[in-house]
1. Could you check the range 113-138 and list, in sequence order, the residues that are in contact (Cβ under 8 Å) with a residue 40 or more places away in the chain and either outside any helix (DSSP H, G or I) or touching a helix residue (DSSP H, G or I) at 6+ places or on another chain (Cβ under 7 Å) (or both)?
2. Identify, from the list N161, N138, N154, the residue that is more than 20 Å from E6 (Cβ to Cβ) and at pLDDT 90 or above.
3. Go through the range 30-73 and give me each residue that's more than 22 Å from E120 (Cα to Cα) and of a type in the set (F, W, Y).
4. For the range 1-55: of the residues being modelled with pLDDT of 95 or more and of a type in the set (F, W, Y), which is surrounded by the most Cβ atoms within 10 Å (Cβ to Cβ)?
5. Quick check on the range 94-108. Is at least one of its residues in a helix (DSSP H, G or I) and not aliphatic (A, V, I, L, M)?
6. Can you name the number of the only condition in (1) over 15 Å from the mean Cα position of the chain (by Cα); (2) at pLDDT below 90; (3) surrounded by 13 or more Cβ atoms within 10 Å (Cβ to Cβ) that L113 fails?
7. Taking K103 as meeting all but one of (1) of a type in the set (K, R); (2) under 18 Å from M144 (Cα atoms); (3) in contact (Cβ under 8 Å) with a residue 12 or more places away in the chain, write down the number of the exception.
Amino acid sequence: MDISCEVCGAKITGFDSCRDVYNKLSFYTLSRPDQKFFIHQCAVDAYAAQHASENTKPITTAFALIGLNLFVNYHYTGKQVQNAHIELAKNKREWPVFIQPEKKAKITVADALKAKHGEERDQMIKEWAIAVWDMWKNQHGAVMELLTPYLTINEERQQKNKIS
Ligand SMILES: [Zn+2]
């Protein structure tokens, strides 16, 4: 019998829950030799953004969406996204509540785990991140609003470094 995740629609046959599929994938992403790119961060953000609900802490979904935006549109590596999260967390603020759109993404954690170990799976994780970001289309503007102050500060810092 095919069992699917009620939230993201992933086929979870052979696992108890979608979270179990994700844990299995995390075991893989954390063991990847290229820790400079840090593919794990893409998986963390894709999974979180795809499972956002009213029970999710606002900061969790906001950070996941910011991470996906930086990855998809600004070509940040996972490591750079992680650093951005650390920087953003320094500003204590109220994070807006994002409710996941009803439309589902075409790719899920199950597809990522199904892809062949190595380059192929890393590629699938990147495509998964893009698909989840795409699913949130109606919130792209709101995410950009959160991100713009951070990007401005970062740019100014880079300019300063160039001059000095
Ligand atoms: Zn799921």
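The values are calculated or read from the model by the stated rules, or taken from the named source; none is laboratory data. In this text, all values refer to a predicted model and were calculated from it rather than measured experimentally. Cβ: placed from backbone, ideal geometry, glycine included. Neighbour counts: every protein chain shown.
1. L113, H117, R121, I125, K126, W128, A129, I130, V132, W133, W136
2. N138
3. F63
4. Here the answer is Y22.
5. Looking through the range 94-108, none of the residues is in a helix (DSSP H, G or I) and not aliphatic (A, V, I, L, M).
6. All conditions are met except number (2).
7. K103 satisfies every listed condition except (2).
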